[in-house]
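First up is the structure itself, then whatever we jot down about it.
Coordinate-derived values only; no laboratory data. Computed from a prediction, not measured in an experiment: that's the story for all the values here. Here the Cβ positions follow ideal geometry from the backbone for every residue, glycine too, while neighbour counts run over all protein chains shown.
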Amino acid sequence: MSTPRMLPRLDSENRFFWTSGADGLLRFLQCRDCAAFVHPPRPVCPHCLSEEIAPAAVPGTGTVATFTINRQKWHPGMEVPCVIARIDIDGAPDVFLTSNVIGCDPDDVAFGDRVRVVFEAQDDVYLPFFEKID
Ligand SMILES: [Zn+2]
């Protein structure tokens, strides 16, 4: 049994994102008119104002663009220290996802590390975390 985590509040715009991991795939909204990826989810493409946007799967890999090691226990279920990173998502230009890098010593994380998504299921939410690719 893993530690309970703070769960996001699901709504009609973000539900696909937080449940996407049910089949192991990471998805972001993509505009069908200009092909831009849109994250966080919103009903209109900020680039071309199209409303023709729909979830599209990405490879699930990425690069650590920046990160910090958090040592503050913000809530009782939180494991510290933990790595809070901004992941540059492969296949979705200009999309960065803030998440945790897990499964390794926080001191082993470096800028430019290659990572892959791993989902942690809790209730009907699939939290996307990342682990280093050897
Ligand atoms: Zn667009």
Here the cysteines of the chain lacking a cysteine partner under 4.7 Å (Cβ to Cβ) are Cys82, Cys104
Taking every other residue with Cβ under 9 Å from the Cβ of Leu127 and scoring Lys and Arg +1, Asp and Glu -1, one gets 0
Selection from Ile84, Pro59, Cys31, by position along the positive dipole direction of the range 1-99 (Cβ)
Ile84
Quick one: which residues, 5 or more positions from Ile53 or on another chain, have an amide H under 5 Å from its amide H? H modelled 1.01 Å from N in the peptide plane, none for Pro or chain starts.
Arg32
What full-extension length gain, to one decimal in nm, is calculated for Asp108 and Ile84 as 0.36 nm per residue of separation minus the Cα-Cα distance?
7.3 nm
Quarter of Cα convex hull surface for the chain, i.e. mean projection, nm²:
8.4
Using the Cα centre of the range 15-132 as the reference point, and only Cβ charges (+1 on K/R, -1 on D/E), how large is the resulting charge dipole? Debye, rounded to the nearest 20.
160
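What is the sum of charges, Lys and Arg at +1 and Asp and Glu at -1, for the other residues whose Cβ falls under 14 Å from the Cβ of Asn14? List each step's numbers first, then the result.
Numbers: positive: Arg9, Arg15, Arg27, Arg42; negative: Asp11, Glu13, Asp124.
So the surrounding residues net to +1.
Counting helices only, and only those DSSP H runs with n ≥ 4, report the 222 nm mean residue ellipticity of the chain as the sum of -39,500 (n - 2.57) divided by its residues, in deg cm²/dmol to the nearest 500. It would help to have the intermediate numbers written out before the result.
Working: 1 runs with 5 residues, N = 134.
Using -39500 (n - 2.57) per qualifying helix, the result is -500 deg cm²/dmol.
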Just grab the label-to-label distance for Glu131 and Asp33, each label 7 Å out from Cα along the Cβ direction, in nm (one decimal).
4.2
Taking a crude spin-label model, label points 7 Å out from Cα along the C-beta direction, the Ser12 to Glu52 distance in nm is 2.1
Starting from the range 24-91, pick out the trypsin sites (Lys or Arg not before Pro) whose DSSP state is loop and whose Cβ has at most 10 other Cβ atoms within 10 Å.
Arg71
Compute the distance in nm between two label points, each set 7 Å from the Cα along the Cα-to-Cβ direction, one at Glu120 and one at Lys73.
1.5
